[in-house]
Amino acid sequence: AEGFTPLTDANTFTGWPSSIASTNTWQLEDGAFVARGPTAHLFYMGDPKPFKNFELKVDVLTVTNSNGGIYFHTAYQPKGFPSAGIECQVNVSHGDWIKTGSLYGLVNIGVTPARDNQWWTQHIIVRGRKVTVKIDGKTVLEYNEPPGAQSGGGKKLGEGTFALQAHDPKSIIQYKNIRVKRLD
């Protein structure tokens, strides 16, 4: 798409180190990062300049009962769930009621237009204190961070990088065609 830069070469993990908690969780299949295994995160480290205002598009496919996420304004950490940044949920049918497109713990939605076993595009737009999330072009939420917001568990807009989540061993999620447009 015009103005977007790919964040992966679709053939390697170059620029995307995994948290060391579970290095075998991530595979590369048909140009997609595939999460299949214990909790681990891939962090985008291919650009030293942090992302503040941007549009991020990721094509996603979930297998039934899978849970994952796309983090932004985060930072690499070697184990556990990222303590910095905001998670944009990836979950169509997993038991967690917080569904795809939610900003986990900030704006939680219980219904999503995404469907398991079908590719969709998750589009996250951050401009200043406003976050918009779209699924296949349909706006599912808009969040305006209130003035003076304090970081609750790292959930505050700032700047940083991106991370992809492998939530648990029973969840299988594919992430591909990851691209970004800086709005700074």
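The values are calculated or read from the model by the stated rules, or taken from the named source; none is laboratory data. As the structure is a computational prediction, the values presented were derived from the model and not from experiment. Methodologically, a virtual Cβ is constructed for each residue, glycine included, from the backbone with ideal geometry; neighbour enumeration extends over all protein chains shown. All accessible areas refer to the heavy atoms of the entire protein, side chains included, with ligands and DNA or RNA removed. Shrake-Rupley method; radii C 1.70, N 1.55, O 1.52, S 1.80 Å.
List of remarks:
- Overall form of the range 1-99 per C-alpha gyration tensor (a/c, 1.5; a/b vs b/c): rounded
- With all pairs of different C-alpha atoms in the average, the Kirkwood value for the hydrodynamic radius of the range 42-91 is 12.5 Å.
- Per residue, the chain exposes 45 Å² of accessible surface when a 1.4 Å probe is rolled over the protein heavy atoms with every protein chain present.
- Protein accessible area in the chain, 1.4 Å probe - carbon and sulfur %: 52 percent
- Across every direction, the projection of the convex hull enclosing the Cα atoms of the range 85-124 has a mean area of 2.9 nm².
- For the range 50-121 and the range 1-16, distance of Cα centres in Å: 19 Å
- Taken one residue at a time, the phi angles of the range 129-137 give Karplus couplings (6.51, -1.76, 1.60, θ = phi - 60°) of 9, 10, 10, 10, 10, 10, 10, 6, x Hz. Gly and Pro are set to x.
- The trypsin sites (Lys or Arg not before Pro) of the range 38-102 that meet both conditions, a loop assignment by DSSP and at most 15 other Cβ atoms within 10 Å of the site Cβ, are Lys79.
- Relative contact order, whole percent, for the chain stands at 34, derived from Cα pairs under 8 Å and 6 or more residues apart.
- Alpha-carbon Rg/Rh ratio, for the range 103-184, with Rh computed the Kirkwood way: 0.95
- Shape call, the chain: gyration tensor on alpha carbons, a/c limit 1.5: rounded
- Entries of Lys79/Lys134; Lys49/Lys170; Lys52/Lys170 with Cα pairs more than 31 Å apart: Lys49/Lys170; Lys52/Lys170
- The residues packed around Lys99, meaning those with a beta-carbon under 15 Å from its beta-carbon, carry a net charge of -1 if Lys and Arg are +1 and Asp and Glu are -1.
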